[in-house]
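What follows is a set of notes on a single structure, which appears directly below.
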Amino acid sequence: MEWNWSAVGDFMPMFWDGLLVTLQALVLGALLAFALGLVWAMAQRSSLAVVRWPVNILTEFVRNTPLLVQLFFLYYVLPEWGVTLSAMVTGVVGLGLHYSTYTAEVYRAGIDGVPAGQWEAAKALSLPRTRTWGAVILPQAIRRVVPALGNYVIAMLKDTPMIFVIGVMEMLGQARQFASETFLTVEVFTVVGVAFIVISYPASLLMRALERRLVR
């Protein structure tokens, strides 16, 4: 099979557009997942059942349903209830919400790993609850879980092609559109596959190095 280099050149403008959209969805989705995950983790430790149980039900439901179904629900069902989101916003919210249920478990493990003496010391010093969390518990907990959070960012990167089903033209969406017009599938999908490897593999090496550094 002869490689069509001119086709690759023709595809590159669309590829760069798709890459930019992919990275935007990844960064915004990850930030949302980190923020919501922390909220879920802290709510699950609440002494109030009215706070704890709804969050437990929500996280279990989201974690045990496919991301694709959640994207369809956000994009096609919510408008029936008067809530309409753009395709990009839906993709970011879907990715962030889905992965927040996993980052919540990561945060929970980090919080549980803080020695009991730290809680007791904060209580002995009569620190307010907000200061106990902000100055004592969370800095130690988050430091422990940074590598695990990074691994979920890499997993989210590999799930970004799913947002194409609601019309977001990320890398794979651009590749499918170009291939449908030119019938040159091998070249464009190879470029996209290599791009994912180029982004995800160095990131995984960075996470491993960071994990080794943090456990010292």
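The values are calculated or read from the model by the stated rules, or taken from the named source; none is laboratory data. Just so it is clear, the model here is predicted, and its values are computed rather than measured. All Cβ positions, even for glycine, are placed from backbone atoms using ideal geometry, and neighbour counts span all protein chains on display. Heavy atoms of the whole protein, side chains included, go into the accessibility calculation; ligands, DNA and RNA do not. Shrake-Rupley method; radii C 1.70, N 1.55, O 1.52, S 1.80 Å.
Results, tabulated for the structure shown:
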{"item": "Leading residue by the ranking (least open to solvent (accessible area, probe 1.4 Å)) among those in the range 109-148 that are over 17 Å from Leu38 (Cβ atoms) and of a type in the set (S, T, N, Q)", "result": "Gln118"}
{"item": "Candidate set from the range 52-82 (those that are in contact with a helix residue (DSSP H, G or I) (Cβ under 7 Å, 6 or more places away or on another chain), surrounded by fewer than 16 Cβ atoms within 10 Å (Cβ to Cβ) and not aliphatic (A, V, I, L, M)); member that is farthest from Tyr152 (Cα to Cα)", "result": "Arg52"}
{"item": "Of all residues in the range 183-216 being open to solvent by less than 50 Å² (accessible area, probe 1.4 Å) and of a type outside the set (A, V, I, L, M, F, W, C), the one that is modelled with the highest pLDDT", "result": "Gly193"}
{"item": "Test: residue in the range 159-176 that is among the β-branched types (Val, Ile, Thr), touching a residue at least 24 places away in the same chain (Cβ under 8 Å) and closer than 24 Å to Arg45 by Cα", "result": "no"}
{"item": "Test for Leu85: is it out of contact with any His (no Cβ under 7 Å at 6 or more places or on another chain) and either open to solvent by 70 Å² or more (accessible area, probe 1.4 Å) or outside any helix (DSSP H, G or I) (or both)", "result": "yes"}
{"item": "Filter result for Met156 (open to solvent by 60 Å² or more (accessible area, probe 1.4 Å), of a type outside the set (Gly, Ala, Ser), closer than 30 Å to Val39 by Cα and in contact with a Leu (Cβ under 7 Å, 6 or more places away or on another chain))", "result": "no"}
{"item": "Residues of the range 14-51 classified as open to solvent by 80 Å² or more (accessible area, probe 1.4 Å), in a helix (DSSP H, G or I) and farther than 17 Å from Gly96 by Cβ, total", "result": "4"}
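Condition check ((1) within 22 Å of Gln44 (Cβ to Cβ); (2) over 13 Å from the mean Cα position of the chain (by Cα); (3) at pLDDT 80 or above; (4) not in a helix (DSSP H, G or I)) across all residues:
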| position | (1), (2), (3), (4) |
| --- | --- |
| Tyr76 | no, yes, yes, no |
| Pro79 | no, yes, yes, no |
| Thr90 | no, yes, yes, no |
| His98 | yes, no, yes, no |
| Tyr102 | yes, no, yes, no |
| Ile111 | yes, yes, yes, no |
| Glu120 | yes, yes, no, no |
| Ala135 | yes, yes, no, no |
